[in-house]
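Novice: Have a look at this one.
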Amino acid sequence: MSSPSSQAMPGSKKFRHAILKSLVLGLRKSGAASRGMGFLERRSAIRRAADTALATARGAEPRWSRSLAAELSQDRRRPGRESALSSSDCNPTIRMVCKRISRRRFRARPKSKATAKSSAGVIARVMVRKRARALREIVPGGRGMDECTLLGETLDYAVSLKAQVEAMQLLLRTLQAPKNPMLKHSSE
């Protein structure tokens with residue numbers, strides 16, 4: 001049976017609230033605010049809390065969420081290791097593949113219209129395969145998906161990531177906001 005928060009649609013206010021609630025709990029549990037924690041440890045703890053909050057808020061319906069939860073649970077068993085996501089997140093190879101795919105220009109010019117049609121189809125299929133390969137590296141659990149499933153999961157993951165960013169920005173604005181002077185006087 002799924003929890004009420006997992007039934008919220010990605011991008012909705014209810015979904016962002018579920019992410020925010022889970023994120024705050026995860027940050028408290030990890031001790032990310034402790035002064036004794038180094039920068040890399042804090043970054044890793046925040047990333048794990050954010051990933052856990054995202055997977056928890058989305059529920060077990062999408063494959064990427066189950067895969068992300070599985071990666072996080074494997075990391076908990078091995079203390080001191082960075083999250084599997086964090087190592088692939090900053091992977092320069094993935095960035096290079098994405099840049100190459102988007103910048104590639106095909107200069108071959110076919111001689112006839114029939115040749116042009118078949119050549120364009122071949123080029124399009126090659127581009128789709130390369131882009132799908134890049135997506136499989138980015139989306140959690142993407143390696144085991146066919147192209148159609150991969151596109152649906154990528155869309156859901158992107159919308160969920162956007163909601164996660166919005167929730168984290170709200171948390172940051174709340175923490176950076178000056179204290180309300182009215183509250184300060186009433187507590188004295």
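Novice: Any residue in region 160-179 that is closer than 13 Å to GLY11 by Cα and in contact (Cβ under 8 Å) with a residue 40 or more places away in the chain sitting within a Cβ distance under 6 Å of a residue that is open to solvent by 60 Å² or more (accessible area, probe 1.4 Å) and part of a helix (DSSP H, G or I)? List the pairs, counting only those 6 or more apart or interchain.
Specialist: ALA163/ARG16; GLU166/ARG16; ALA167/ARG16
Novice: Related question: Of the residues GLN164, GLN169, which is assigned to a helix (DSSP H, G or I), crowded, with 16+ Cβ neighbours inside 10 Å and modelled with pLDDT of 90 or more?
Specialist: Details: GLN169 fails: crowded, with 16+ Cβ neighbours inside 10 Å.
Among GLN164, GLN169, only GLN164 is assigned to a helix (DSSP H, G or I), crowded, with 16+ Cβ neighbours inside 10 Å and modelled with pLDDT of 90 or more.
Novice: Kindly indicate the residue of region 119-153 that is part of a helix (DSSP H, G or I) and open to solvent by less than 30 Å² (accessible area, probe 1.4 Å) and also farthest from LEU72 (Cα to Cα) among those meeting that condition.
Specialist: Per the stated criteria, the residue is GLY121.
Novice: When you scan region 31-66, how many residues do you find that are surrounded by fewer than 20 Cβ atoms within 10 Å (Cβ to Cβ) and in a helix (DSSP H, G or I)?
Specialist: Residues that pass the stated criteria total 8.
The values are calculated or read from the model by the stated rules, or taken from the named source; none is laboratory data. Note that this is a predicted model, so its numbers are computed, not measured. Using ideal geometry, Cβ is built from the backbone for each residue, glycine included, and neighbour counts are taken over all protein chains shown. These accessible areas exclude ligands, DNA and RNA; they are computed on the full protein's heavy atoms, side chains included. Shrake-Rupley method; radii C 1.70, N 1.55, O 1.52, S 1.80 Å.
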